[in-house]
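S.K.: Let me give you the structure first, and then I'll get to my questions.
FYI, it's all coordinate maths here, none of it is from the lab. Quick caveat, the model's predicted, so the values are computed rather than measured. Because the Cβ atoms are built from the backbone with ideal geometry, glycine has one as well, and the counts that use them run over all protein chains shown.
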Amino acid sequence: MEIKNLIVGQSGGPTAVINSSLYGVVSEALSQPSIGKVYGMVNGIEGFLRGTVLDFEETLFSNDLEKLKTTPGAYLGSCRYKLPEDLDDPVYPVLFQKFKELSIGYFFYIGGNDSMDTVSKLSRYAEKINSDIRVIGEPKTIDNDLVMTDHTPGFGSAARYVASTVREIVIDANVYETKSVTIVEIMGRHAGWLTAASALARKSVGDNPLLIYLPETAFDEEAFLEKVNNCFEKNPNVIVCVSEGIHDKDGTFICEYDNSVGTDTFGHKMLAGCGKYLENLVRNRLGIKARSVELNVSQRCSASMMSATDQKEAVLAGQFGVREALKGATGKMVSYIRTSDLPYRITLGLEDVNLICNQEKTVPLEWISKDGSDVTDAFLTYALPLIQGTVEIPLGTDGLPDFLSRK
């Protein structure tokens, strides 16, 4: 068998376990005699076009490779580069010439929806020119919005962070007897999976957060204010968790009510600010002490709340993808298939990446309360296994986490 090299890249927003997926790919590839060099694209496909490539055997020793599993962020660096829709664009022959120069036989891309778009285009172009390069997508996103997989690496750890942080906010708010409302804004443009995870913070029925709003349903200001008022009958300190992408019945984002928002390179609106808007709304309309908390990037970069289940599954997905590529798989994304809730079990599979890219998995409406202000027990059954287990993060001599960084 002709020995070919493997190249792997990371794309989009990082997560607590995106480097665990990278570890899985690299460690498995290095153990395979039919794979020669294992390269990394620095800053994804965009960096690869600039020629920024590293050799893992020259860059990381075995003990450093292990540190990938406990290092958040994207070790290789990321990008948000969109390949042209037209497969006749001149960028494609340039890319495949570079693959040829490095004797690449296997291309791996770790990322979310837009990254799977890249995998789709590269695999289709490879088929078009009869290239034998095998192209595999490794899923990643805290948003948990990739279709055709039970969940995604990164979601479990981010959900654990959200649930833990919201529980801390609840404890803090309960210090005072004075009526107050705390709005917690959580990432999620069109899919509310991460905000829904705030329900895991409750220790008992009727506990805070008393209201949870996802972008899957329309948000009504007047109904919201009425519900907040009613919540004071249960608790003088009301915690409300909202997705950044909540919108009204006409599809207008709440954050747009008094803010202009920009767009990223994929044309997605860059959302932030609905928490502050609702804080002011409560203060002005109800005359109640209010504050807002935006969890922001900590949701995706916190290693302290890394889920052991999430980390383990991310590693396995990376290893599985390499083994399947060696068997001939291409144009596929590794998927999680849940086989049991109690006890929780999954298996790994492969799905056609062309059916995944540019699609979005939202929280099922039957998992959201009829009035749109909470989630059901079905969501808790789904999410609770994904946040289990604590990962011990190595500490440096300064007593702080000893994360791996590229030299």
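S.K.: Which of GLY318, GLY40, GLY51 ends up with the largest GNM mean-square fluctuation for the chain, with Cα atoms connected below 10 Å?
M.R.: Greatest mean-square fluctuation among the candidates belongs to GLY51.
S.K.: So which residue, out of THR52, THR15, THR195, gets the largest mean-square fluctuation from a GNM of the chain using Cα contacts under 10 Å as springs?
M.R.: Among THR52, THR15, THR195, the largest GNM mean-square fluctuation belongs to THR52.
S.K.: Give me the Kirkwood hydrodynamic radius of the stretch 72-180 in Å, from all C-alpha pairs, to one decimal place? Please report the intermediate quantities before stating the final value.
M.R.: Working: mean 1/r = 0.0588 Å⁻¹.
So the Kirkwood estimate lands at 17.0 Å.
S.K.: Lysine pairs in the stretch 97-204 with Cα distance under 27 Å, only those 8 or more apart or on different chains: how many are there?
M.R.: Working: LYS98/LYS121; LYS98/LYS128; LYS98/LYS140; LYS100/LYS121; LYS100/LYS128; LYS121/LYS140; LYS179/LYS203.
Going through the stretch 97-204 pair by pair, I get 7.
S.K.: How much length is gained on full extension from ARG323 to GLU222, taking 0.36 nm per residue of separation minus their Cα-Cα distance?
M.R.: In short, 30.9 nm is gained.
S.K.: How large is log10 I(q)/I(0) at q = 0.08, 0.11 Å⁻¹ when the Debye formula is applied to the Cα atoms of the chain, each weighted equally and without solvent?
M.R.: The Debye formula, applied to the Cα set alone, gives -0.45, -0.80.
S.K.: Tell me, what ³J(HN,Hα) does each residue in the stretch 73-81 have, in order and in whole Hz, if you take phi through Karplus 6.51 cos²θ - 1.76 cosθ + 1.60 with θ = phi - 60° and put x for Gly and Pro?
M.R.: The phi angles translate into x, 10, 4, 7, x, 10, 7, 10, 9 Hz.
S.K.: Could you list which residues have their amide H under 5 Å from that of LYS179, counting only those 5 or more apart in sequence or on another chain, with H placed in the peptide plane?
M.R.: Under 5 Å from the amide H of LYS179 lies no amide H from a residue far enough along the sequence or on another chain.
S.K.: If you count the DSSP beta bridges with both ends in the chain, what percent of them are antiparallel, to the nearest 5?
M.R.: 30 percent
S.K.: Around PHE219, which amide H atoms from residues at least 5 apart in sequence, or from another chain, sit under 5 Å from its own amide H, with H modelled in the peptide plane?
M.R.: HIS247, ASP248, LYS249
S.K.: Compute the distance from the alpha-carbon center of the stretch 55-128 to that of the stretch 308-362, in whole Å.
M.R.: 18 Å
S.K.: Can you give the FRET efficiency to the nearest 0.05 for GLU233 and GLU2, using r as the Cβ-Cβ distance and R₀ = 56 Å?
M.R.: 0.20
S.K.: Let me ask something additional. So if I restrict to the alpha-carbon atoms in the stretch 1-107, what is the Rg, and what is Dmax, the biggest pairwise distance, in Å?
M.R.: Looking at the stretch 1-107, its Cα Rg and Dmax stand at 14.1, 44 Å.
S.K.: Where is the GNM fluctuation largest for the chain (alpha-carbon springs, 10 angstrom cutoff): LYS249, LYS82, LYS276?
M.R.: LYS249
S.K.: Follow-up question, since we're still on this one. Please report the relative contact order for the chain, taking Cα pairs under 8 Å with a sequence separation of at least 6, and give it as a percent rounded to a whole number.
M.R.: 22 percent
S.K.: In terms of modelled amide H atoms, which long-range or inter-chain residues lie less than 5 Å from the amide H of SER292?
M.R.: Distant-sequence amide H within range of SER292: ILE183.
S.K.: Oh, and also: In whole Hz, with x marking every Gly and Pro, tabulate ³J(HN,Hα) for the stretch 223-230 from phi via Karplus 6.51 cos²θ - 1.76 cosθ + 1.60, θ = phi - 60°.
M.R.: 5, 4, 4, 5, 5, 4, 4, 5
S.K.: I've got another one for you. Shape call for the stretch 149-304 from the C-alpha gyration tensor, a ≥ b ≥ c root eigenvalues: rounded (a/c under 1.5), prolate (a/b greater than b/c) or oblate? All intermediate terms of the calculation are to be shown ahead of the outcome.
M.R.: On the way: a/c = 1.80, a/b = 1.16, b/c = 1.55.
Oblate, since a/c reaches 1.5 and b/c is not below a/b.
S.K.: For the stretch 26-35, what does the Karplus curve 6.51 cos²θ - 1.76 cosθ + 1.60, with θ = phi - 60°, yield as ³J(HN,Hα) per residue in whole Hz, taken in order and with x for Gly and Pro?
M.R.: 5, 4, 5, 5, 5, 8, 9, x, 8, 10
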